[in-house]
Amino acid sequence: MPLSPTSLPQNYSTEAKQGCDSWHVKTIALATLSLTVLIACQSRQPSNEHTRQLTREDFNRRAAEKFLPFFWREDTNRDDKIQPNELAVLWGYGDSDWSHWITPQQQFTAQFDEAYRAMLEPGPPASNPAEEQRHKLVLDELAQGRPTLVETDLSRETPDTANTIRHLMNAARFIEFIYAKQKGVFGLEGKIPAVDSARRMLLYRNQSPFCEGPRTENNPACSALETKPARIFGLYPAGIQTDPRFCETLAKAPNAPDLMGHFNVVVNGDRTGTFETTPYNEAYKDDMQAVAGELEAAAASLGQDEAAFRAYLLAAAQSFRTNNWEPADRAWVAMSAENSRWYARIAPDEVYYEPCAWKAGFALQLARINPDSLVWRRKLDPLKNEMESALAAMAGPPYKARNVQFKVPDFIDVVLNAGDQRPANGATIGQSLPNWGPVAEAGGRTVAMTNLYGDADSRAQLGIQMSSLFCKATNLKATTGGKESLVGSLLHEAAHNLGPAHEYKVNGKVDTVAFGGPLASMLEELKAQTSSMFLTDWLMMKGFFAPEEVDQINLRNVAWAFGHISRGMYTAEGTPRTYSQLAAIQVGSFMKSGAIVWKSNEVAANGKDSGCLEISFENLPPAIRMCNDFAKVKGAIAERWLRAPRATFVYSLKF
Ligand SMILES: [Zn+2]
């Protein structure tokens, strides 16, 4: 007698605790020999083996395909079986209430067991070849994005703080509704049958029905919907969007400045061919009011120690009601790593997601100030003028050491990204905001996201990459932890304030004018990155690091350079990649001075790839110093080249 679906979970979870492998349980469900198998199972050693069917990789892939909010973080005890303490429940879709999946006694719930069983089931059979093909494409689209965990432990927060976070999570949902409306994809999940979990996952992950993976994006059959819809944004009248040049049309209208506004929606005017605008707070009134309410509720449970955070949440709530973003921006820049443990921004900001690049997309980012970066910053701040002198000595005349500011970005550990901050692939790792208005003109605020790629998979991947490239001896110093990259980034950012910077004028010209934008930023980044490595060594002499740590940090910096080189020197559009180019110059210079040697006859640390890179850690510091000649070169080129007047074209037309 087959077990009925309702009776199975009960038996299943009992079995689970007694060590019955769930593949067998599934057999029980299908076969009539249930009793025999059950007995066979029960007679085994209790070992909690029920979850051995899915490897961690399969578990995470299947969970995504089944639209289940699960992530098997890491097989901590290396038993190839998921344990309750290895499961992360994800935000944003499905049932994200942890207590529904894991009991307070740290056991899986019956609901989890049932979901796990569903993950073992194949999807519903396709009714025709076209549907089967579409399903394959959707799976391929999903497979091109590796779920990468950003996990935050809030268990030590006070109930009041937890309450604030919950309200911000609620606000995030409404932010996603608004963003979906901006993109014209709101409510599409209603068009996908509940059983078609992979397509629902695609819609959630991409925040649109469109495929974005390199293998699938151009395939007309790849879509979360039955038929791939046209791309019609909610920000402009649908009728004009079939014209690929509609942005130009709007930009030529008599009221173009209004139509190109960042915080409104373009609608048809009274007369045909004319256009008007509706401000965001009218177009998305209900959702924006809901966000405002959540922000106020989030602010209410913050104490005096978070006065700046509270002030921002209240100002933001007001801006969501009025569509005037300046007061919120002012309160936002007033928040800092010094006066709040938190970082939050809830606002319409970036415009890249929409075809005209005018309308600010709604986004929410919640993060914690990275406490390690703060400690480093405080330790380094008293040394800023000494560091400047050291770099100035290297840059040489005509550059003179300045009295420097130590303005480095706030380093934040992301907790939650929503709306325009949650792209299908990748994430923003640094940002300066706001984009417009007096607060932007006064400099705004810059942050660097420090915890992304700190998850077990990303670290393992980095380890694999490094061991495929470096020789055995070098790879012994390879680390994948957060500290080395944090120090590297912090010193990189600090170095932007030191030595000849953007504002450093040669013959009265700032570098962007002297070199043109891309070259100027490349040289500036080269200076910052090389100085970061130089300062690591310099700080060792000040007792900040042990020699071993310096090697580890600089090895990560070299690995960083290889990561950028691997992306290629130009984007698909043909614009030079700043970091790739500086990385190539740096690595080339290190190789020339013998700090990095290619050993063609040696096998890489992974024991597989032949030929590997050996870093001579003794030769690295002088090589870095030599590479820093570029800082010198930067000044010299500008100064000498610009002695000659530049061409001013004059035109004569003779008839
Ligand atoms: Zn930089």
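Which condition breaks for ALA501 when tested against (1) at pLDDT 90 or above; (2) within 15 Å of the ligand (Cβ to nearest atom); (3) surrounded by fewer than 20 Cβ atoms within 10 Å (Cβ to Cβ); (4) aliphatic (A, V, I, L, M)?
Here ALA501 meets the rest and fails (1).
Do you know which of the residues in the range 139-172 that are acidic (Asp, Glu) and within 22 Å of the chain's Cα centre (by Cα) is most open to solvent (accessible area, probe 1.4 Å)?
ASP153
Looking at the range 173-200 only, could you name the residues that are assigned to a helix (DSSP H, G or I) and open to solvent by less than 30 Å² (accessible area, probe 1.4 Å)?
Of everything in the range 173-200, those that are assigned to a helix (DSSP H, G or I) and open to solvent by less than 30 Å² (accessible area, probe 1.4 Å) turn out to be ILE175, GLU176, ILE178, TYR179, ALA180, GLN182, LEU188, SER197, ALA198, ARG199.
Since GLU248 meets every condition but one in (1) more than 28 Å from the chain's Cα centre (by Cα); (2) more than 30 Å from TRP436 (Cα to Cα); (3) among the charged types (D, E, K, R), which condition does it not meet?
(2)
The rows are residues; the columns are (1) farther than 22 Å from ALA546 by Cβ; (2) in contact with a helix residue (DSSP H, G or I) (Cβ under 6 Å, 6 or more places away or on another chain); (3) surrounded by fewer than 17 Cβ atoms within 10 Å (Cβ to Cβ).
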site: GLY426; (1), (2), (3): yes, no, yes
site: SER432; (1), (2), (3): yes, no, yes
site: TYR453; (1), (2), (3): yes, no, no
site: ASP457; (1), (2), (3): yes, no, no
site: ALA473; (1), (2), (3): no, no, yes
site: LYS477; (1), (2), (3): no, yes, no
site: LYS483; (1), (2), (3): no, no, yes
site: SER489; (1), (2), (3): no, no, no
site: HIS492; (1), (2), (3): no, yes, no
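If LEU374 satisfies all but one of (1) under 30 Å from PRO327 (Cβ atoms); (2) among the aliphatic types (A, V, I, L, M); (3) in contact with a Lys or Arg (Cβ under 8 Å, 6 or more places away or on another chain), what's the number of the condition it fails?
Tallying (1) under 30 Å from PRO327 (Cβ atoms); (2) among the aliphatic types (A, V, I, L, M); (3) in contact with a Lys or Arg (Cβ under 8 Å, 6 or more places away or on another chain), LEU374 fails exactly one: (3).
Going by the structure shown, is GLY508 more than 14 Å from the ligand (Cβ to nearest atom) and at pLDDT 50 or above?
no
Of (1) assigned to a loop (DSSP other than H, G, I, E, B); (2) buried (at least 20 other Cβ atoms within 10 Å of the Cβ); (3) free of Cβ contacts under 8 Å to residues at least 60 places away in the same chain, LEU203 satisfies all except one. Which?
(1)
Quick one: would you say PHE534 is in a loop (DSSP other than H, G, I, E, B) and either within 13 Å of the ligand (Cβ to nearest atom) or at pLDDT 90 or above (or both)?
No, not satisfied.
Taking the range 235-259 only, how many residues are under 14 Å from CYS356 (Cα atoms), open to solvent by 70 Å² or more (accessible area, probe 1.4 Å) and in a loop (DSSP other than H, G, I, E, B)?
Of the residues in that region, 2 qualify.
Among the listed residues ALA583, ALA559, which satisfies the condition of being surrounded by 19 or more Cβ atoms within 10 Å (Cβ to Cβ), in a helix (DSSP H, G or I) and within 13 Å of the ligand (Cβ to nearest atom)? Steps first, answer last, please.
Working: ALA559 fails: within 13 Å of the ligand (Cβ to nearest atom).
Criteria check complete, one pass: ALA583.
Could you say whether any residue in the range 391-413 is in a strand (DSSP E or B) and over 28 Å from GLU524 (Cα atoms)?
No, the range 391-413 contains no residue that is in a strand (DSSP E or B) and over 28 Å from GLU524 (Cα atoms).
So which residues in the range 215-227 are open to solvent by less than 100 Å² (accessible area, probe 1.4 Å) and under 17 Å from GLY187 (Cβ atoms)?
Those that are open to solvent by less than 100 Å² (accessible area, probe 1.4 Å) and under 17 Å from GLY187 (Cβ atoms): SER223, ALA224, LEU225.
Suppose we filter ALA316, ALA331, ALA363 for residues that are in contact (Cβ under 8 Å) with a residue 40 or more places away in the chain, closer than 27 Å to LYS285 by Cα and small (Gly, Ala, Ser); which single one remains?
Sole residue among the options that is in contact (Cβ under 8 Å) with a residue 40 or more places away in the chain, closer than 27 Å to LYS285 by Cα and small (Gly, Ala, Ser): ALA363.
Residue-wise test of (1) more than 15 Å from the ligand (Cβ to nearest atom); (2) acidic (Asp, Glu).
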site	(1), (2)
GLN529	no, no
ASP551	yes, yes
ARG567	yes, no
PRO621	yes, no
ILE624	yes, no
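Condition first: in contact (Cβ under 8 Å) with a residue 40 or more places away in the chain and either more than 16 Å from the ligand (Cβ to nearest atom) or surrounded by 20 or more Cβ atoms within 10 Å (Cβ to Cβ) (or both). Can you find one or more residues in the range 594-602 that meet it?
Looking for residues that are in contact (Cβ under 8 Å) with a residue 40 or more places away in the chain and either more than 16 Å from the ligand (Cβ to nearest atom) or surrounded by 20 or more Cβ atoms within 10 Å (Cβ to Cβ) (or both), one finds at least one in the range 594-602, hence yes.
How about the range 65-99: which of its residues are in contact (Cβ under 8 Å) with a residue 12 or more places away in the chain and not in a loop (DSSP other than H, G, I, E, B)?
Once the filter is applied, which keeps residues that are in contact (Cβ under 8 Å) with a residue 12 or more places away in the chain and not in a loop (DSSP other than H, G, I, E, B), the range 65-99 yields GLU65, PHE70, PHE71, TRP72, PRO84, ASN85, GLU86, LEU87, ALA88, VAL89.
Can you work out which of the residues in the range 603-625 that are without any contact (Cβ under 8 Å) to a residue 12 or more places away in the chain and in a loop (DSSP other than H, G, I, E, B) is nearest to LYS472 (Cα to Cα)?
Per the stated criteria, the residue is GLY607.
The values are calculated or read from the model by the stated rules, or taken from the named source; none is laboratory data. On a predicted model such as this, the values are computed, not experimentally measured, just so you know. Cβ sites come from the backbone with ideal geometry, for glycine too, and all protein chains shown count toward neighbours. We work out accessible area using only protein heavy atoms, side chains counted, and drop any ligands, DNA or RNA first. Shrake-Rupley method; radii C 1.70, N 1.55, O 1.52, S 1.80 Å.
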